[in-house]
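Here's the structure, in structure tokens; my notes come after.
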Amino acid sequence: MPHVRKAVIPAAGLGTRFLPATKAVPKEMLPVIDRPAIQYVVEEAVRAGITDILIVTGRGKRAVEEHFDRNYELEELLERDGKLDLLAEVQYATDLASVHYVRQKDALGLGHAVSVARHHVGDEPFVVLLPDDLMIDDSTLLRSMVRGWEKFHHAVIALEEVPVQEISAYGCADPASAPEDGLVPLRGVVEKPKPEDAPSNLAVSGRYLFPPSIFDALDRIEPGAGGELQLTDAIALLMKSEPVYGMVFTEGRHDVGKKLDFLRATVELALDREDLGPEFAKYLRDTVQRRELL
């Protein structure tokens, strides 16, 4: 079976939760400290051995393409001014991987966004990485999913353990057995169940590894609410013809699709930085004391 070398990043959403900032700036380009959110996702893919990345874009996403392209004038200016550290950072983003783009012309949901990658992916397995979910784990989760593919050659989806009272915000996996080395065969996936009806506390969480047969499933599903094609429905259909596995993880995920979680992610990542962490931690301690928050 082919090795996993391709990734698809759906980045056509409007980012309405972050208006008015996202009126002119793609939500994927909002900076988390000093780099746009989508760069963290591309770096994660590259660390897991992915060399070919397709970003699914829409209207107003030109800045995403510009970020991963060369800017010769900027590079020459930085070199001339002796700002070689900044030059290295700029060139690093450009040289991460072979990045391609395709437009999702109609906003018909995540399933539709994945389906427009069909011709680029071809007959190869591929990963789907949602840019709202940053996995800061040295690509441990994604590498584990790739190993799961190499072992079974079937789809693997990331599952995060969440409090059962929060499961109604997610797709919920129905495991067929207990996890073994984090990997568990699935019986089904339920979209946003009530806590009392949830088959588990395992939430589908922004990382997927699919065989090319997922495209046939996407062709066969019907539009759901709002006329959108749901990726969860395609996964459930795929399960009827071949096994699907879940890879369970418990930490490393930062949701930057919501304002409060975006702030949390920024704080956590800043604290992890050697150049920012110590001074920023002192600032946080001083702020807590000054505002009498404890």
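The values are calculated or read from the model by the stated rules, or taken from the named source; none is laboratory data. What you see is a predicted model; the values in this text were computed from it and never measured. We place every Cβ from the backbone using ideal geometry, glycine too, and count neighbours over all the protein chains shown.
Just wondering, is there one or more residues in the range 93-109 that are in a loop (DSSP other than H, G, I, E, B), modelled with pLDDT under 95, aliphatic (A, V, I, L, M) and within 22 Å of Leu218 (Cα to Cα)? Yes: one or more hits. For the range 3-19, filtered to residues that are among the aliphatic types (A, V, I, L, M) and farther than 14 Å from Val41 by Cβ, the residue that is surrounded by the most Cβ atoms within 10 Å (Cβ to Cβ) is Ala12.
The set of residues in the range 52-63 that are surrounded by fewer than 22 Cβ atoms within 10 Å (Cβ to Cβ) and touching a Ser or Thr at 6+ places or on another chain (Cβ under 9 Å) comprises Asp52, Gly60. State which residue is surrounded by the fewest Cβ atoms within 10 Å (Cβ to Cβ) when the search covers only the range 151-179 and only residues that are among the charged types (D, E, K, R) and touching a residue at least 60 places away in the same chain (Cβ under 8 Å). Across the range 151-179, the extreme among qualifying residues is Glu161. Of all residues in the range 55-63, none are over 21 Å from Val116 (Cβ atoms), among the small types (Gly, Ala, Ser) and out of contact with any Leu (no Cβ under 8 Å at 6 or more places or on another chain). Put simply, of Gly277, Gly252, Gly246 the only residue that is modelled with pLDDT of 90 or more, closer than 30 Å to Asp174 by Cα and either under 18 Å from the mean Cα position of the chain (by Cα) or not aliphatic (A, V, I, L, M) (or both) is Gly246.
Against the definition (exposed (fewer than 14 other Cβ atoms within 10 Å of the Cβ), within 23 Å of Asp255 (Cβ to Cβ) and at pLDDT 90 or above), how does Asp85 come out, yes or no? When the stated conditions are applied, Asp85 does not pass them. For the structure I just gave you, tell me whether Val42 is over 29 Å from Gly224 (Cα atoms) and surrounded by 20 or more Cβ atoms within 10 Å (Cβ to Cβ). So Val42 fits the description; yes.
Here Arg220 clears all of (1) out of contact with any Cys (no Cβ under 6 Å at 6 or more places or on another chain); (2) free of Cβ contacts under 8 Å to residues at least 24 places away in the same chain; (3) more than 27 Å from Gly122 (Cα to Cα) except the condition numbered (3).
Which residues, taken from the range 110-137, are part of a helix (DSSP H, G or I), crowded, with 18+ Cβ neighbours inside 10 Å and touching a strand residue (DSSP E or B) at 6+ places or on another chain (Cβ under 8 Å)? Within the range 110-137, Leu110, Ala113, Val114, Val121 meet the criteria.
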